[in-house]
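Structure, as structure tokens:
The values are calculated or read from the model by the stated rules, or taken from the named source; none is laboratory data. Just so you know, these numbers come straight off a predicted model, no measurement behind them. Positions of Cβ are generated from backbone atoms using ideal geometry, with glycine treated the same way; all protein chains shown enter the neighbour counts. The area values use the complete protein model at the heavy-atom level, side chains included, leaving out ligands, DNA and RNA. Shrake-Rupley method; radii C 1.70, N 1.55, O 1.52, S 1.80 Å.
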Amino acid sequence: MRHTMGLDNEYFRLMKEGKKRIEVRLNDEKRRKIKVGDTIKFKKLSGQDEVMEVEVTNLTTYSGFQEMYKQVPFVDMGCGGWTMDRMINGTFEIYSKEQETQWGALAIEVKLF
């Protein structure tokens with residue numbers, strides 16, 4: 001199955017360079033449809049038409065983002081050198097605490113085609 005998602009410019013670049021191999025998302029209804037072996041087409045959010053395709057190699061669910069961040073190396077998410085506080089604060093600029101409570105978190109491990 002093929003999925004499409006937007007990706008921030010910096011994270012898009014890091015993934016394209018092979019420096020980001022785990023994408024972090026809510027484990028919401030849309031993401032629950034993703035299976036290992038599926039393809040994700042990431043669109044760069046800058047308004048450009050740049051895209052890249054990756055294959056899903058692993059999926060790990062967590063009750064919340066902090067649980068995930070305690071187990072997944074930040075560098076694998078394109079955040080090498082970050083602190084736990086910065087990871088959590090950055091995440092809650094995108095998602096609400098209510099969304100996290102409702103859906104939990106999902107680590108999507110990918111490889112470039």
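When the listed pairs 43/70; 30/70; 43/111 are checked against a 19 Å cut-off, the alpha-carbon distance exceeds it for 43/70; 30/70. Percent of Cα-Cα pairs per 10 Å bin, from 0 to the last occupied bin, for region 1-108, please list those. Percent of Cα pairs in each bin: 14, 48, 36, 3.
Determine, from the Cβ-Cβ distance of residue 70 and residue 39 and an R0 of 30 Å, the FRET efficiency 1/(1 + (r/R0)^6), rounded to the nearest 0.05.
On the way: r = 29 Å, r/R0 = 0.98.
Here the calculated transfer efficiency is 0.55.
Taken along its three principal axes, the alpha carbon spread of region 47-113 comes to 32, 28, 28 Å, from the longest extent down to the shortest.
Across the alpha-carbon set of region 1-50, the Rg to Rh ratio works out to 0.96, Rh being the Kirkwood radius. Projecting the Cα atoms of 95, 80, 112 onto the charge dipole of region 50-113, computed from C-beta unit charges around the Cα centre, puts 80 farthest toward the positive end.
A simple charge model with +1 on the Cβ of Lys and Arg, -1 on the Cβ of Asp and Glu and nothing else charged puts the dipole of the chain at about 260 debye relative to its Cα centre.
Approximating the spin labels as points 7 Å out from Cα along Cα→Cβ, the residue 48-to-residue 61 distance works out to 3.6 nm.
How much accessible area per residue does the chain have, counting only protein heavy atoms and a probe of 1.4 Å, in square angstrom?
On a per-residue basis, the chain sits at 57 Å².
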